[in-house]
1. Suppose we keep only residues that are farther than 14 Å from Arg22 by Cβ and buried (at least 16 other Cβ atoms within 10 Å of the Cβ) within segment 67-79. Which one would you say is modelled with the highest pLDDT?
2. What number of residues in segment 24-50 are in contact with a Leu (Cβ under 9 Å, 6 or more places away or on another chain), among the aliphatic types (A, V, I, L, M) and within 20 Å of Lys10 (Cα to Cα)?
3. Looking only at segment 50-62, decide whether some residue is closer than 27 Å to Lys3 by Cα, under 11 Å from the mean Cα position of the chain (by Cα) and among the β-branched types (Val, Ile, Thr).
4. In segment 9-61, how many residues are surrounded by fewer than 16 Cβ atoms within 10 Å (Cβ to Cβ), outside any strand (DSSP E or B) and in contact (Cβ under 8 Å) with a residue 40 or more places away in the chain?
Amino acid sequence: MAKNALLDIKRSLEAHVGAKIRLRANGGRRKTIERTGTLEEIYPSVFIVKLDEEQHAFKRVSYSYADILTESVEVTVCNDEGQVRIAYLQH
């Protein structure tokens, strides 16, 4: 079941390659890190986000699909129609 969930998350992200996204990641010790950027590439195990240069010291970050599954990372796609949250919803 977890393998199917990871595939579902990957497929939902593939539809938004090139889109502006907002990331909320668990930074540890009750810290939440918020970043904005563009969903740049999708790989079998990870996805790459090119960060907005003026706001961040890093140019790119990568996260695994398991980070979304375990809710360590929350991805919100910002498009013309509004915002879409990418998450795994257990049935």
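1. Pass one, segment 67-79, residues farther than 14 Å from Arg22 by Cβ: 67, 69-72.
Pick out the ones that are also buried (at least 16 other Cβ atoms within 10 Å of the Cβ) and you get 67, 69.
Numbers: Asp67: 93, Leu69: 90.
Residue satisfying both the conditions and the ranking: Asp67.
2. Our first condition is that a residue be in contact with a Leu (Cβ under 9 Å, 6 or more places away or on another chain); within segment 24-50, this holds for 33-39, 42, 45, 47-50.
Keeping just the survivors that are among the aliphatic types (A, V, I, L, M) gives 33, 39, 42, 48-49.
Next, only the ones that are within 20 Å of Lys10 (Cα to Cα) stay: 39, 42, 48-49.
The qualifying residues number 4.
3. yes
4. Residues in segment 9-61 being surrounded by fewer than 16 Cβ atoms within 10 Å (Cβ to Cβ), outside any strand (DSSP E or B) and in contact (Cβ under 8 Å) with a residue 40 or more places away in the chain: 1 in total.
The values are calculated or read from the model by the stated rules, or taken from the named source; none is laboratory data. This structure is a prediction, so every number in the text was calculated from the model and none was measured. A quick note on method: Cβ atoms are made from the backbone with ideal geometry, for glycine too, and the neighbour counts reach across all protein chains shown.
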